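The values are calculated or read from the model by the stated rules, or taken from the named source; none is laboratory data. This one's a predicted model, so the numbers in the text were calculated from it and none came from an experiment. Methodologically, a virtual Cβ is constructed for each residue, glycine included, from the backbone with ideal geometry; neighbour enumeration extends over all protein chains shown. The protein model used for the area step is the full one, side chains on, heavy atoms only, and it has no ligands, DNA or RNA in it. Shrake-Rupley method; radii C 1.70, N 1.55, O 1.52, S 1.80 Å.
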Amino acid sequence: SAVISQKPSRDICQRGTSLTIQCQVDSQVTMMFWYRQQPGQSLTLIATANQGSEATYESGFVIDKFPISRPNLTFSTLTVSNMSPEDSSIYLCSVGSVTSYNEQFFGPGTRLTVL
Amino acid sequence: EDQVTQSPEALRLQEGESSSLNCSYTVSGLRGLFWYRQDPGKGPEFLFTLYSAGEEKEKERLKATLTKKESFLHITAPKPEDSATYLCAVRGDDKIIFGKGTRLHILP
């Protein structure tokens, strides 16, 4: 399984600011995924990031609010823009296994608190 | 609409007391059902994939089973280190949907 790291592990931000979360994988992967896990809620897919193409966003998520970069096969960033307290959540990146992207491996997450 | 419901929300067991967690799902064209374990402050850890009704998978004290409407995660003689939140997810024709999880606490 892939080893995934995220930076920062946690942050406290002011309303109206932006935060960029980094995700690094120890092997080359085609697809990377960004999830949000709000307190008491299930994991929700924000977008799928493929290297060399625009990210694909799920219903309810837009590029202006959550811009994503995927400059190479081992790295991606998610920016949470113009933050409000409702954006307080854990943000997780994940990658699929070698045999099936359905079996996903997750990073440790970034715990974001917006004041 | 695709949906995943896990029950109970929380479960407290004595060490050695076996039990089962439930994952009920409604999905068009099931392409896989997944179980994950999530410890506090960490990302989910992949446990099992089940693809068809009747399939079973085992790992140490955990056994996952699948029917056409639900999956069970059976925990046999659990230990305190099995305490975690267990997440169920399903993939249909569209995307992967996660349940809210069951918080399992094993008392020594």
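Quick notes
- Placing +1 on the Cβ of every Lys and Arg and -1 on the Cβ of every Asp and Glu, with nothing else charged, gives the protein assembly as shown a dipole about its Cα centre of roughly 240 debye.
- Debye-sum result for the stretch B:8-68 in log10 I(q)/I(0), which assumes one identical scatterer on each alpha carbon, at q = 0.30 Å⁻¹: -1.40
- Low-density loop cleavage sites - trypsin sites (Lys or Arg not before Pro) in the stretch A:1-45, where at most 16 other Cβ are within 10 Å (DSSP): A:Arg15
- Selection of trypsin sites (Lys or Arg not before Pro), the stretch B:57-108, meeting DSSP coil and at most 15 other Cβ within 10 Å: B:Arg61, B:Lys68, B:Lys69, B:Lys95
- Distance distribution P(r), the protein assembly as shown, all Cα-Cα pairs, bin width 5 angstrom from 0: 1, 7, 15, 18, 18, 16, 12, 8, 4, 1, 0 percent.
- Cα Rg, Dmax, the stretch B:47-94, angstrom units: 11.8, 38
- Solvent-accessible surface ranking, highest first, for B:Leu50, A:Leu115 at 1.4 angstrom: A:Leu115, B:Leu50
- Chymotrypsin sites (Phe, Trp or Tyr not before Pro) within the stretch B:16-108, DSSP loop, no more than 16 other Cβ atoms inside 10 Å: B:Tyr51
- Theoretical FRET efficiency, 1/(1+(r/R0)^6), r = Cβ-Cβ of A:Ser84 and A:Thr56, R0 22 Å, to 0.05: 0.35
- Interface B:A - total buried accessible surface [probe 1.4 Å, Å², rounded to 100]: 1500 Å²
- Where no second cysteine Cβ lies under 4.7 Å, the cysteines concerned in chain A: A:Cys13
- In terms of overall dimensions, chain B has a Cα radius of gyration and Dmax of 13.2, 43 angstrom.
- Extent along principal axes [Cα atoms of the stretch A:41-115; Å; largest to smallest]: 41, 25, 22
- Among A:Gly16, A:Gly52, A:Gly60, residue whose mean-square fluctuation peaks in a GNM of chain A (springs only between Cα atoms under 10 Å): A:Gly60
- Its Cα centre serving as origin, chain A has a Cβ charge dipole (Lys and Arg +1, Asp and Glu -1) of approximately 240 debye.
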